[in-house]
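Before any comments, here is the structure.
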Amino acid sequence: MTSKAKTSITFYNGLTTIGGPMIEVAYNKSHVLFDLGEVYRPELDLPDEKYQTLIENQLIGDVPNFYDPELTGKPIDHQRWEHAAAYMSHLHLDHSKAMNFLAPEIPLYAGPLTAKMMPALNEHGDFLLPAAGHEASYVRPIIAAEYRKPIQVGNITLEVWPSDHDAYGATGLIITTPDKRIAYTGDIRLHGYHPDWVHEFLAAAKNCDALIIEGTGVSWPEEKHDQSSEEFTGPKNENELTAQFVELQKDNPERQITFNTYPTNVERLLRIIADSPRRVVLHAQRAHLLRESLGKEFDYYYLPGEEKFADLQPGLEVSYQELLNDNHAYLWQAVGNYTDLQEGGLYIHSNAEPLGDFDPAYQPFLQALSDKKIEFKGLRCSGHADEKELKEIIKEVQPANLIPVHTLHPELEENPFGERILPKRNQTITL
Ligand SMILES: [Zn+2]
């Protein structure tokens with residue numbers, strides 16, 4: 001009987017859009033689901049983020065037998081599915097926001113850093129979607145997977161591999177069933193801090209039966225021309241970005257310099273702190289996040305009237321007034337109150353919020369800086385492989401089947417080494 005079983009893959013969401021992939025691999029009575037994010041579409045201006053609303057707007061996949069019955073009203077068929085597990089590749093919301101929707105009895109695996117940071121990120125209940133019957137700050141259990149160590153889910157085996165993306169601790173996945181081997185890149189790049197980890201992951205995935213690959217890098221063919229699209233402008237890699245942070249400080253010995261980065265891009269911030277000639281001071285909220293999730297302590301400041309964090313060492317606090325008066329000793333994280341800054345200063349925006357023009361907060365933010373004649377310097381580095389890197393990744397893996405997801409143009413990713421599959425939403429393919 002078992003010999004008739006085959007490996008199938010069902011694609012529930014996140015195919016022709018950037019983000020929110022929800023994919024199920026099934027074999028006999030075992031199945032696994034990855035990832036657990038919500039597609040980001042602020043322009044929909046939805047009245048709420050309830051389960052039904054998200055399903056109706058296709059922001060999450062309509063995946064049977066994984067979500068909490070308290071949300072769906074439908075029981076999970078545990079007779080049909082004796083073994084189930086879920087996995088999320090990294091911390092970004094389009095891969096993680098719906099993790100609390102997973103039925104409590106289904107184990108959820110993630111890389112160790114993802115598992116560690118998530119509770120700190122959702123401490124105020126404004127990061128994840130809420131679990132049924134819990135307060136907003138609740139985070140369901142996440143099992144910290146040991147890198148590369150096989151995890152058995154019935155007759156499916158999962159291996160979580162360290163990879164590289166602009167989310168701290170990002171991972172990729174290798175899934176082995178009794179008859180097939182499938183690799184899922186999560187979000188991936190070759191120009192980050194750890195290309196070596198990515199190459200090892202790809203080598204382990206070599207000649208797999210199916211490579212499910214993100215394709216953010218081929219999403220804007222119309223912007224290609226001679227230069228890359230906006231996503232791929234700026235420093236060529238993360239090391240160059242850190243070096244430019246250092247250069248800007250050297251070039252401006254007597255000028256107030258402030259900056260900001262994105263909370264989940266922890267590694268970039270750690271490098272900036274380590275390499276900067278100036279003393280780096282974080283806003284207390286960010287210092288608290290790093291203290292809470294990683295046990296690391298950094299210099300910090302509070303804006304006037306802000307609530308204090310009990311876990312931050314008083315000895316590391318720098319007064320806001322001292323930062324405002326400074327023009328040479330500090331590089332500090334500005335998160336608002338731009339009218340307090342010195343005229344003619346320099347502000348470095350490194351993939352921080354507000355992220356760009358699509359955010360209504362972006363123009364007022366630029367205006368506030370320009371009102372104070374503060375120079376805005378964008379230093380960005382993409383978390384995604386560009387077109388050339390995607391080709392390199394495919395070449396390293398040489399999969400029998402290439403399945404592009406997480407892109408506006410899946411048809412632009414090609415597989416010179418075998419077939420390419422462009423699944424439709426909710427389609428099941430049998431390998
Ligand atoms: Zn991501």
Completion exercise
Dividing the mean separation of Cα pairs under 8 Å (6+ apart) by the residue count of the chain yields a relative contact order in percent of 18
Practice task
Can you tell me the dipole magnitude for the chain around its Cα centre, using point charges on the Cβ only (Lys, Arg +1; Asp, Glu -1), in Debye to the nearest 20?
Solution key: 1220
Exercise for the section: Mind putting a number on the dipole of region 235-378 about its Cα centre? Charges go on the C-beta only, +1 for Lys and Arg and -1 for Asp and Glu, and I need it in Debye to the nearest 20. Expected result: 240
Practice task
Take every Cα-Cα pair in region 1-136 and report what % of them are more than 26 Å apart.
Solution key: 21
Practice task
Highest first, please rank the peptides 333-339, 58-64 by the mean number of other Cβ atoms sitting within 10 Å of their residues.
Solution key: 58-64, 333-339
Problem - Nearest-10 value in Å² for the accessible area of TRP161, using the 1.4 Å probe - result: 30
Exercise for the section: Mind giving me the nanometre distance, one decimal, between the label points for ASP77 and THR428, set 7 Å out from Cα along Cα→Cβ? Expected result: 0.8
Fill in the blank from the handout: Per DSSP, the loop-located GluC sites (Glu not before Pro) within region 1-76 having at most 15 other beta carbons within 10 Å are GLU49
Problem - Unit charges at the beta carbon, dipole of region 235-378: most positive-side option, TYR330, THR242, LEU269 - result: THR242
Exercise for the section: For LYS29, LYS388, write out the residues from largest to smallest accessible area, computed with a 1.4 angstrom probe and no ligands counted. Expected result: LYS388, LYS29
Completion exercise
In whole angstrom, the spacing between the Cα centers of region 130-146 and region 298-377 equals 32
Practice task
Out of all DSSP beta bridges with both ends in region 235-378, state the antiparallel percent to the nearest 5.
Solution key: 0
Completion exercise
Each label sits 7 Å from Cα toward the beta-carbon; between GLU123 and ARG148 the label points are separated, in nm, by 3.4
Handout entry: Accessible surface of the chain, 1.4 Å probe, proportion on carbon and sulfur as whole %
Key = 48
Problem - Accessible area per residue in Å² at 1.4 Å probe, computed on the chain - result: 43
Practice task
Quote the FRET efficiency, to the nearest 0.05, computed for GLN52 versus HIS328 with a Förster distance R0 of 45 Å and r equal to the Cβ-Cβ distance.
Solution key: 0.20
Practice task
Ignoring everything but the protein chains, give the 1.4 Å probe accessible area of HIS194 in square angstrom, nearest 10.
Solution key: 30
Handout entry: Helix-derived mean residue ellipticity, 222 nm - over the chain, DSSP H n ≥ 4, -39500 (n - 2.57), to 500
Key = -6000 deg cm²/dmol
Exercise for the section: Among DSSP beta bridges lying fully in the chain, give the percent that are antiparallel, nearest 5. Expected result: 45
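The values are calculated or read from the model by the stated rules, or taken from the named source; none is laboratory data. Please read these numbers as outputs of a predicted model, since none were measured by experiment. Methodologically, a virtual Cβ is constructed for each residue, glycine included, from the backbone with ideal geometry; neighbour enumeration extends over all protein chains shown. For accessibility, only protein heavy atoms count, side chains too; no ligands or nucleic acids. Shrake-Rupley method; radii C 1.70, N 1.55, O 1.52, S 1.80 Å.
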